[in-house]
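J.: Here it is, the structure in full.
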């Protein structure tokens, strides 16, 4: 994975425009004033201008779709250097910035592995699975899922501990991992008996994706049809007919 980052950064830097530190300082100031021209300039400069990443993330509070799209494009141009600040934004209190960070992360997750996540950020992302905002938890879970099997051992212990939101987010992340994580099978089956209905439903969705389904999972799905929570029953039906 690190080789992918190196290749991506080398390609970006090869096509980047040259600039002076004074020019970058001015661009950072102008981005803070909402000047879209300088957002685009920094994006064209690429990863070498990564010192502007905090200013770009803060600029998400500037209203307007065109401006937000320009900020997103500039942050994409920074490659993995953008993610630490995006993680900070997800945990922050600035609503517009946090919502834009969620959208950015969701979009990058769909693009993975073309914009890979740094494994060094796993700890920060795992902490955010306990975020009070369900949308933030979902975005973080999808991002973690792009790490594939490497993150499974870090997610499995979360299925049985912490808040219902974190347990649900861990199950949600596991349900997006490709290929479906067979090594999480036992923990996911146990999570189908969680005291929280949303966790049970999400765990059912995850176990139904396992290729070696077998009779154990079939019995689990059939038993869930008797659950008192409609969402759990719906997840069981989806797993049986999917």
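The values are calculated or read from the model by the stated rules, or taken from the named source; none is laboratory data. This is a predicted model, so every value here is computed, not measured. As a convention, Cβ positions derive from the backbone with ideal geometry for all residues, glycine included, and neighbour counts pool all protein chains shown.
J.: Would you confirm whether any residue within region 187-206 is free of Cβ contacts under 8 Å to residues at least 24 places away in the same chain, more than 15 Å from the chain's Cα centre (by Cα) and not in a loop (DSSP other than H, G, I, E, B)?
T.: No, the conditions are met nowhere in region 187-206.
J.: Checking the condition touching a residue at least 12 places away in the same chain (Cβ under 8 Å) and on the phi > 0 side of the Ramachandran plot, which residue from 46, 64, 91 passes?
T.: None of the others qualify; the one that does is 46.
J.: Taking residue 172 as the residue in question, decide whether it is crowded, with 22+ Cβ neighbours inside 10 Å, modelled with pLDDT under 90 and closer than 27 Å to residue 96 by Cα.
T.: Criteria not met by residue 172.
J.: Would you check if residue 69 is over 22 Å from residue 38 (Cβ atoms), in a helix (DSSP H, G or I) and out of contact with any helix residue (DSSP H, G or I) (no Cβ under 6 Å at 6 or more places or on another chain)?
T.: no
J.: Restricting region 177-212 to residues that are surrounded by fewer than 18 Cβ atoms within 10 Å (Cβ to Cβ) and within 23 Å of residue 125 (Cα to Cα), which is modelled with the highest pLDDT?
T.: Only one residue tops the list, namely 196.
J.: Could you list all residues from region 112-132 that are within 21 Å of residue 195 (Cα to Cα) and either at pLDDT below 85 or surrounded by 15 or more Cβ atoms within 10 Å (Cβ to Cβ) (or both)?
T.: 129, 130, 131
J.: Specify which of the listed residues (80, 84) is within 27 Å of residue 177 (Cβ to Cβ), out of contact with any strand residue (DSSP E or B) (no Cβ under 7 Å at 6 or more places or on another chain), surrounded by fewer than 23 Cβ atoms within 10 Å (Cβ to Cβ) and touching a residue at least 60 places away in the same chain (Cβ under 8 Å).
T.: 80
J.: Considering each of 59, 11 in turn, give the residue that is part of a helix (DSSP H, G or I), farther than 30 Å from residue 132 by Cα and either in contact with a helix residue (DSSP H, G or I) (Cβ under 7 Å, 6 or more places away or on another chain) or at pLDDT below 95 (or both).
T.: Step by step, each of 59, 11 is checked, and only 11 is part of a helix (DSSP H, G or I), farther than 30 Å from residue 132 by Cα and either in contact with a helix residue (DSSP H, G or I) (Cβ under 7 Å, 6 or more places away or on another chain) or at pLDDT below 95 (or both).
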